[in-house]
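Written out below as structure tokens is the structure these notes cover.
The values are calculated or read from the model by the stated rules, or taken from the named source; none is laboratory data. In this text, all values refer to a predicted model and were calculated from it rather than measured experimentally. Please note that ligands, DNA and RNA were not included when accessible areas were found on the heavy atoms of the full protein model with its side chains. Shrake-Rupley method; radii C 1.70, N 1.55, O 1.52, S 1.80 Å.
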Amino acid sequence: MRLAAIVFVGLFAVSCGQYDTYYCRYLTNANCVSRPEDLQCGTDGNTYYNDCDLSKAHCKNNAIHRRYKGPCPNDASTTTKPVGGGTTQMPVTNGPTQKPVNGSEIAFDIFCLDLFHHDCSNEMTEALCASNGKTYQNLCEYEKTKCTHRDLHIVKNAPCN
């Protein structure tokens with residue numbers, strides 16, 4: 001299965017400390033248009049169709065993150081706002097007051113949502129030991145746990161003692 005190959009790539013990426021590489025490899029083949037529209041304003045000033053689309057942009061340029069949910073303004077410096085009987089140019093705020101979100105976190109969230117629907121019992125990678133002292137039978141099971149315990153990491157590519 002395609003996910004199995006991507007999860008295997010994750011073993012190499014995690015071992016090397018490159019945590020977002022395998023998310024990006026997974027997202028390369030993701031069909032973002034098949035996911036619901038949920039406009040996202042990127043830190044580059046572009047509006048993205050949804051988190052998936054924003055994540056793909058982040059994978060191409062890791063300086064791109066989500067500024068806020070919703071479309072970016074057309075002109076980042078001013079907008080037309082009705083005042084009295086006419087219109088006037090008013091400064092635009094930076095959109096809704098939301099904390100920016102790192103693009104790698106968004107990509108990991110998408111990866112996790114898809115991984116939760118994947119059966120890991122057929123994965124043929126070796127057992128590994130995680131920082132919680134638990135042995136995982138394969139990387140897929142470890143990744144599922146990491147989705148809900150983000151601080152988890154691999155201690156060694158062998159069972160815990």
Q.
Looking only at the range 101-151, count every residue that is open to solvent by 70 Å² or more (accessible area, probe 1.4 Å) and of a type in the set (Ser, Thr, Tyr) and tell me the total.
A. 2
Q. Can you pull out the residues in the range 152-161 that are open to solvent by 50 Å² or more (accessible area, probe 1.4 Å) and part of a loop (DSSP other than H, G, I, E, B)?
A. His153, Asn157, Pro159, Asn161
Q) What number goes with the only condition from (1) polar (S, T, N, Q); (2) open to solvent by 30 Å² or more (accessible area, probe 1.4 Å); (3) at pLDDT 75 or above that Ser55 does not pass? A) (2)
(Q) Can you pull out every residue in the range 12-50 that is among the hydrophobic types (A, V, I, L, M, F, W, C) and either open to solvent by 40 Å² or more (accessible area, probe 1.4 Å) or modelled with pLDDT of 75 or more (or both)? (A) Phe12, Cys16, Cys24, Leu27, Ala30, Cys32, Val33, Leu39, Cys41
